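A.B. asks: Okay, here's the structure, questions in a sec.
The values are calculated or read from the model by the stated rules, or taken from the named source; none is laboratory data. What you see is a predicted model; the values in this text were computed from it and never measured. For neighbour counting, all protein chains shown are included, and Cβ atoms are generated from backbone atoms with ideal geometry for every residue, glycine included. What goes into the accessible areas is simple: the full protein's heavy atoms, side chains included, and nothing from ligands, DNA or RNA. Shrake-Rupley method; radii C 1.70, N 1.55, O 1.52, S 1.80 Å.
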Amino acid sequence: MFTNDTNLLDQHFLIDQSIKDLFLQTCDFQPTDEVVEIGPGKGTMTKLIMPWVKKLTVIERDQRLALYLDSIPNLNVIYASVLNINIPPCDKIVTSLPYSITEPFIYQLTKSKFKKLIMLCGNRYAKSVMNKDTSKLSVLTNTYFKMTYIKDVPPTCFKPEPRVMSSLVTLEPIALDYLKINDQIIRLLFQYRYLKIKNALKE
(Lines give C-alpha, C1' and ligand atoms only; values in the text may rest on other atoms or scores of the structure.)
Protein backbone atom coordinates (compact mmCIF):
# COMPACT_ATOMS: atom_id res chain seq x y z
CA MET A 1 0.00 0.00 0.00
CA PHE A 2 2.73 2.49 0.89
CA THR A 3 5.85 0.98 -0.67
CA ASN A 4 8.25 3.16 -2.64
CA ASP A 5 8.66 0.57 -5.45
CA THR A 6 7.01 2.20 -8.48
CA ASN A 7 7.43 -0.75 -10.84
CA LEU A 8 4.74 -2.92 -9.27
CA LEU A 9 1.38 -3.10 -11.08
CA ASP A 10 1.44 0.54 -12.21
CA GLN A 11 0.28 1.95 -8.87
CA HIS A 12 0.95 5.29 -7.19
CA PHE A 13 2.66 4.85 -3.83
CA LEU A 14 2.40 7.22 -0.89
CA ILE A 15 5.74 8.78 0.07
CA ASP A 16 4.68 11.77 2.21
CA GLN A 17 5.44 11.04 5.88
CA SER A 18 2.91 13.53 7.24
CA ILE A 19 0.11 11.82 5.32
CA LYS A 20 1.31 8.42 6.53
CA ASP A 21 1.17 9.75 10.10
CA LEU A 22 -2.34 11.15 9.54
CA PHE A 23 -3.42 7.83 8.06
CA LEU A 24 -2.28 5.96 11.17
CA GLN A 25 -3.89 8.55 13.43
CA THR A 26 -7.18 8.15 11.56
CA CYS A 27 -7.00 4.36 11.99
CA ASP A 28 -6.99 4.77 15.80
CA PHE A 29 -5.87 1.17 16.27
CA GLN A 30 -6.82 -0.63 19.48
CA PRO A 31 -5.10 -3.68 21.07
CA THR A 32 -8.21 -5.78 20.37
CA ASP A 33 -8.45 -4.85 16.67
CA GLU A 34 -8.33 -7.47 13.95
CA VAL A 35 -7.17 -5.61 10.84
CA VAL A 36 -6.99 -6.33 7.11
CA GLU A 37 -4.54 -4.33 5.01
CA ILE A 38 -5.15 -4.47 1.27
CA GLY A 39 -2.14 -3.88 -0.97
CA PRO A 40 0.70 -3.84 1.60
CA GLY A 41 3.51 -3.58 -0.96
CA LYS A 42 6.82 -4.27 0.78
CA GLY A 43 5.19 -3.98 4.19
CA THR A 44 6.34 -0.49 5.13
CA MET A 45 3.10 0.37 6.91
CA THR A 46 2.45 -3.25 7.84
CA LYS A 47 5.39 -3.22 10.24
CA LEU A 48 4.07 -0.02 11.86
CA ILE A 49 0.57 -1.47 12.28
CA MET A 50 1.61 -4.86 13.72
CA PRO A 51 2.54 -3.74 17.28
CA TRP A 52 -0.78 -1.94 17.78
CA VAL A 53 -3.32 -4.63 16.87
CA LYS A 54 -4.36 -8.12 17.92
CA LYS A 55 -4.21 -9.66 14.44
CA LEU A 56 -3.13 -8.38 11.02
CA THR A 57 -3.96 -9.98 7.69
CA VAL A 58 -2.69 -8.54 4.41
CA ILE A 59 -4.05 -9.16 0.91
CA GLU A 60 -1.47 -8.74 -1.86
CA ARG A 61 -1.91 -9.77 -5.49
CA ASP A 62 1.79 -9.59 -6.43
CA GLN A 63 3.57 -12.71 -5.23
CA ARG A 64 6.95 -11.11 -6.04
CA LEU A 65 6.52 -9.30 -2.72
CA ALA A 66 6.60 -12.54 -0.75
CA LEU A 67 10.31 -11.91 -0.13
CA TYR A 68 9.33 -8.95 2.05
CA LEU A 69 5.97 -10.01 3.50
CA ASP A 70 6.77 -13.61 4.45
CA SER A 71 9.63 -12.40 6.64
CA ILE A 72 7.31 -10.39 8.94
CA PRO A 73 6.58 -12.45 12.10
CA ASN A 74 2.95 -13.33 12.96
CA LEU A 75 1.63 -11.83 9.72
CA ASN A 76 -1.14 -13.65 7.85
CA VAL A 77 -0.66 -13.13 4.09
CA ILE A 78 -3.21 -13.87 1.36
CA TYR A 79 -1.80 -13.72 -2.16
CA ALA A 80 -4.80 -12.87 -4.37
CA SER A 81 -6.72 -10.01 -5.91
CA VAL A 82 -9.11 -8.55 -3.35
CA LEU A 83 -11.80 -8.62 -6.04
CA ASN A 84 -11.58 -12.40 -6.32
CA ILE A 85 -11.82 -13.41 -2.66
CA ASN A 86 -13.97 -12.80 0.40
CA ILE A 87 -12.38 -10.22 2.68
CA PRO A 88 -11.91 -11.85 6.11
CA PRO A 89 -14.24 -10.48 8.82
CA CYS A 90 -12.40 -7.81 10.80
CA ASP A 91 -12.66 -4.64 12.81
CA LYS A 92 -10.82 -2.37 10.36
CA ILE A 93 -9.71 -2.40 6.73
CA VAL A 94 -6.91 -0.13 5.52
CA THR A 95 -6.06 0.41 1.87
CA SER A 96 -4.94 2.62 -0.97
CA LEU A 97 -6.16 0.74 -4.04
CA PRO A 98 -5.76 1.77 -7.69
CA TYR A 99 -8.64 4.19 -8.22
CA SER A 100 -9.68 2.37 -11.41
CA ILE A 101 -11.12 -0.49 -9.35
CA THR A 102 -13.05 1.66 -6.87
CA GLU A 103 -16.48 0.54 -8.08
CA PRO A 104 -15.92 -3.24 -7.96
CA PHE A 105 -14.13 -2.79 -4.63
CA ILE A 106 -17.13 -0.98 -3.11
CA TYR A 107 -19.37 -3.81 -4.32
CA GLN A 108 -16.97 -6.20 -2.61
CA LEU A 109 -17.26 -4.22 0.62
CA THR A 110 -21.06 -4.56 0.60
CA LYS A 111 -20.55 -8.30 1.12
CA SER A 112 -17.88 -7.92 3.81
CA LYS A 113 -18.10 -7.74 7.59
CA PHE A 114 -16.07 -4.91 9.14
CA LYS A 115 -16.55 -1.91 11.39
CA LYS A 116 -14.46 0.76 9.67
CA LEU A 117 -12.53 1.26 6.45
CA ILE A 118 -9.71 3.81 6.18
CA MET A 119 -8.89 4.50 2.54
CA LEU A 120 -7.03 6.76 0.16
CA CYS A 121 -9.32 7.22 -2.84
CA GLY A 122 -9.86 9.51 -5.81
CA ASN A 123 -11.05 12.99 -4.81
CA ARG A 124 -13.75 12.93 -7.48
CA TYR A 125 -15.28 9.82 -5.97
CA ALA A 126 -15.07 11.22 -2.42
CA LYS A 127 -16.75 14.48 -3.48
CA SER A 128 -19.57 12.70 -5.29
CA VAL A 129 -20.34 10.63 -2.20
CA MET A 130 -20.11 13.55 0.22
CA ASN A 131 -22.34 15.66 -2.08
CA LYS A 132 -24.77 12.72 -2.42
CA ASP A 133 -24.65 12.86 -6.21
CA THR A 134 -27.02 10.61 -8.13
CA SER A 135 -24.28 8.62 -9.87
CA LYS A 136 -24.51 4.84 -9.39
CA LEU A 137 -21.32 4.62 -7.32
CA SER A 138 -22.33 7.52 -5.07
CA VAL A 139 -25.80 6.08 -4.46
CA LEU A 140 -24.33 2.63 -3.82
CA THR A 141 -21.84 3.99 -1.30
CA ASN A 142 -24.36 6.16 0.53
CA THR A 143 -26.93 3.38 0.89
CA TYR A 144 -24.41 0.99 2.44
CA PHE A 145 -21.90 3.23 4.21
CA LYS A 146 -21.35 6.50 6.04
CA MET A 147 -18.36 8.33 4.57
CA THR A 148 -16.27 10.73 6.65
CA TYR A 149 -13.94 13.05 4.77
CA ILE A 150 -10.53 13.56 6.44
CA LYS A 151 -8.21 15.43 4.06
CA ASP A 152 -7.34 16.02 0.41
CA VAL A 153 -3.99 14.56 -0.63
CA PRO A 154 -2.20 16.25 -3.56
CA PRO A 155 -0.38 14.31 -6.32
CA THR A 156 3.03 15.39 -4.94
CA CYS A 157 2.48 13.03 -1.98
CA PHE A 158 2.80 10.02 -4.30
CA LYS A 159 5.44 8.47 -6.51
CA PRO A 160 4.84 8.47 -9.42
CA GLU A 161 2.45 11.40 -9.18
CA PRO A 162 -1.15 10.63 -10.22
CA ARG A 163 -3.00 13.01 -12.49
CA VAL A 164 -5.80 13.57 -9.99
CA MET A 165 -6.25 14.81 -6.44
CA SER A 166 -6.75 12.11 -3.81
CA SER A 167 -8.65 12.08 -0.53
CA LEU A 168 -8.30 10.29 2.79
CA VAL A 169 -11.71 9.05 3.93
CA THR A 170 -13.33 6.51 6.21
CA LEU A 171 -16.37 4.31 5.54
CA GLU A 172 -18.54 2.74 8.22
CA PRO A 173 -21.32 0.25 7.38
CA ILE A 174 -24.94 1.37 7.88
CA ALA A 175 -27.30 -1.27 9.26
CA LEU A 176 -30.31 -1.88 7.01
CA ASP A 177 -32.71 -1.07 9.88
CA TYR A 178 -31.34 2.48 10.09
CA LEU A 179 -32.18 3.34 6.47
CA LYS A 180 -35.35 5.02 5.28
CA ILE A 181 -37.65 2.72 3.32
CA ASN A 182 -36.63 4.26 -0.03
CA ASP A 183 -32.97 3.64 0.72
CA GLN A 184 -33.76 0.08 1.80
CA ILE A 185 -35.41 -0.56 -1.57
CA ILE A 186 -32.42 0.94 -3.41
CA ARG A 187 -30.03 -1.27 -1.46
CA LEU A 188 -32.06 -4.37 -2.30
CA LEU A 189 -32.14 -3.36 -5.98
CA PHE A 190 -28.34 -3.27 -6.01
CA GLN A 191 -28.37 -6.93 -4.97
CA TYR A 192 -30.21 -7.69 -8.23
CA ARG A 193 -28.32 -5.18 -10.36
CA TYR A 194 -27.94 -7.60 -13.28
CA LEU A 195 -31.74 -7.86 -13.68
CA LYS A 196 -34.16 -5.42 -15.25
CA ILE A 197 -35.81 -3.13 -12.70
CA LYS A 198 -39.22 -4.83 -12.96
CA ASN A 199 -37.65 -8.26 -12.45
CA ALA A 200 -35.52 -7.01 -9.57
CA LEU A 201 -38.62 -5.56 -7.88
CA LYS A 202 -40.37 -8.92 -8.23
CA GLU A 203 -37.46 -10.60 -6.49
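A.B. asks: Under a 1.4 angstrom probe, counting protein chains only, how are Asp177, Asp33 ranked by accessible area, largest first?
C.D. replies: Descending order: Asp177, Asp33.
A.B. asks: Report the residues of region 22-61 in range of a label on Lys115: point 7 Å along Cα→C-beta, backbone N strictly under 12 Å from it.
C.D. replies: Of the residues in region 22-61, 28-35, 54 have backbone N under 12 Å from the label point off Lys115.
A.B. asks: Here is a follow-up. What is the local net charge at Pro89, summed over the other residues whose Cβ is closer than 12 Å to its Cβ (Lys, Arg +1; Asp, Glu -1)?
C.D. replies: Summing Lys and Arg as +1 and Asp and Glu as -1 gives +3.
A.B. asks: Another one. Under a cut-off of 22 Å between alpha-carbon atoms, report the lysines in cross-link reach of Lys146, not counting same-chain residues fewer than 8 places apart.
C.D. replies: Cross-link targets: Lys92, Lys111, Lys113, Lys115, Lys116, Lys127, Lys132, Lys136, Lys180.
A.B. asks: Ordering Ser18, Ser81 by accessible area with a probe of 1.4 Å, largest first, what comes out?
C.D. replies: Of Ser18, Ser81, the descending order of accessible area is Ser18, Ser81.
A.B. asks: Below 8 Å, C-alpha to C-alpha, sequence gap of six or more: please give me the relative contact order for region 93-172 in percent.
C.D. replies: Relative CO of region 93-172 lands at 34 percent.
A.B. asks: Report the accessible area of Glu161, computed with a 1.4 Å probe over the heavy atoms of all protein chains in place, in Å² rounded to the nearest 10.
C.D. replies: 110
A.B. asks: How far, in nm, would the chain grow between Ser135 and Arg64 when pulled straight, counting 0.36 nm per residue and subtracting the alpha carbon separation?
C.D. replies: In short, 21.8 nm is gained.
A.B. asks: Starting from the Cα-Cα distance between Tyr79 and Asp177, subtract it from 0.36 nm times their residue separation and give me the gain in nm to one decimal.
C.D. replies: Stretched fully, the Tyr79-Asp177 segment lengthens by 31.7 nm.
A.B. asks: In nm, what is the difference between 0.36 nm times the number of residues separating Ile186 and Leu22 and their Cα-Cα distance?
C.D. replies: Between Ile186 and Leu22, full extension yields 55.6 nm more.
A.B. asks: Still on this model: Between Ser100 and Lys159, what FRET efficiency comes out of the Förster formula 1/(1 + (r/R0)^6) with R0 = 25 Å and r the beta carbon distance, rounded to 0.05?
C.D. replies: The pair Lys159/Ser100 has a calculated efficiency of 0.85.
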